[in-house]
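Every read-out reported here was derived from the displayed coordinates using simple, explicitly stated rules and does not represent laboratory data. From a predicted model like this one, the values you see are computed outputs, not experimental measurements. Note that we place each Cβ from the backbone using ideal geometry, even for glycine, and neighbour counts take in every protein chain shown.
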Amino acid sequence: MNHATKCCEQAHASHYSRVHHIAIGTLGMALSLSFALSFALCILGYLLFPALPIAHSALSLFLPGFTLLSWTSFLLGLIESVFLGWYIAIVFGAIYNFIASRR
């Protein structure tokens, strides 16, 4: 086996043996921002186009205590969206990182 082939095989093996972890903080920020933005756009859509046949009240399934529509309910929904993003990031990130480190 020549030197070039041996180096190539070592680089290939080290590439696949590297464990990739998810940065939970980055995932939490990304999910929280995505959920909060989606929530705000959904409420904005409700305010701009109230006649559309979209069940905005379904948000109460995912956001306990949310009702259409007051400022306190909007803020509660926004806070719960951020909390949900962090909850998913912590749980999913921890499970993923645990499984990835065991491979």
Revision key, fill the gap. Per the rule of 0.36 nm per residue minus the C-alpha distance, extending residue 98 to residue 18 adds in nm 27.4 nm
Review point. Under a point spin-label approximation (7 Å from Cα along Cα-to-Cβ), what is the residue 54-residue 40 distance to one decimal in nm?
Key: 1.6
**Study point:** Karplus 3J(HN,Hα) series, Hz, for segment 83-99 with 6.51 cos²θ - 1.76 cosθ + 1.60 (x for Gly, Pro)
**Key:** 4, 4, x, 5, 4, 5, 4, 5, 5, 5, x, 5, 5, 4, 5, 5, 5
